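Okay, structure first, notes after.
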Amino acid sequence: MSVKPEHYDVIRRPIITEKSNQQYAYSTVVFEVPINAAKPEIKEAVEALYGVKVKSINTMIVKGKFKRFGNRTQGYRRSIKKAYVSLQDGHMIDTRKVL
């Protein structure tokens with residue numbers, strides 16, 4: 001499958017946290033994707049960009065938290081959508097090369 005410029009718009013960045021590193025042991029990688037991205041688009045982008053086979057995808061929208069910036073300024077952080085991508089057996093993405 002060839003890489004298209006649209007694939008880089010679907011996969012924004014990998015999410016590297018303690019929880020996502022624990023999921024990596026189960027062949028699951030976490031990515032930040034646009035709010036309006038659908039599962040088939042995410043699957044196509046991951047398979048094209050990293051050359052792996054995707055077993056399943058779970059998505060969740062994380063609402064932006066209320067935050068105070070200084071003494072009187074306040075607002076909300078932006079909402080993001082996470083995609084938990086489970087890979088088939090024998091396929092791995094090296095998270096050190098993803099960054």
Checklist entry - To the nearest 20 debye, what charge dipole does region 1-93 have about its Cα centre, counting +1 at the Cβ of each Lys and Arg and -1 at the Cβ of each Asp and Glu? => result 740
Item to check | ³J(HN,Hα), Karplus 6.51/-1.76/1.60, whole Hz, each residue of region 14-27, x for Gly, Pro | outcome: x, 9, 10, 10, 5, 5, 5, 5, 5, 5, 4, 5, 9, 6
Next on the checklist: What figure, in Å² to the nearest 10, do you get for the accessible area of SER86 with a 1.4 Å probe and non-protein molecules left out?
Outcome noted: 30
Checklist outcome for this item: Rounded to whole Å², per residue accessible area for the chain with a 1.4 Å probe reads 70
Item to check | Debye log10 I(q)/I(0) at q = 0.14 Å⁻¹ for the chain, Cα point scatterers | outcome: -0.55
Item to check | Area of LEU49 that stays accessible when all protein chains are in place (1.4 Å probe, Å², to 10) | outcome: 40
Checklist entry - In terms of modelled amide H atoms, which long-range or inter-chain residues lie less than 5 Å from the amide H of ILE15? => result VAL30, PHE31, GLU32
Checklist entry - Given R₀ = 22 Å, FRET efficiency for ASN71-THR17 by Cβ-Cβ distance, to 0.05? => result 0.15
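The values are calculated or read from the model by the stated rules, or taken from the named source; none is laboratory data. If you're wondering where the values come from, they're calculated on a predicted model, not measured in any experiment. Note that each Cβ is placed from the backbone with ideal geometry, even for glycine, and that neighbours are counted across all protein chains shown. The accessibility values were calculated without ligands, DNA or RNA, using every heavy atom of the protein model including side chains. Shrake-Rupley method; radii C 1.70, N 1.55, O 1.52, S 1.80 Å.
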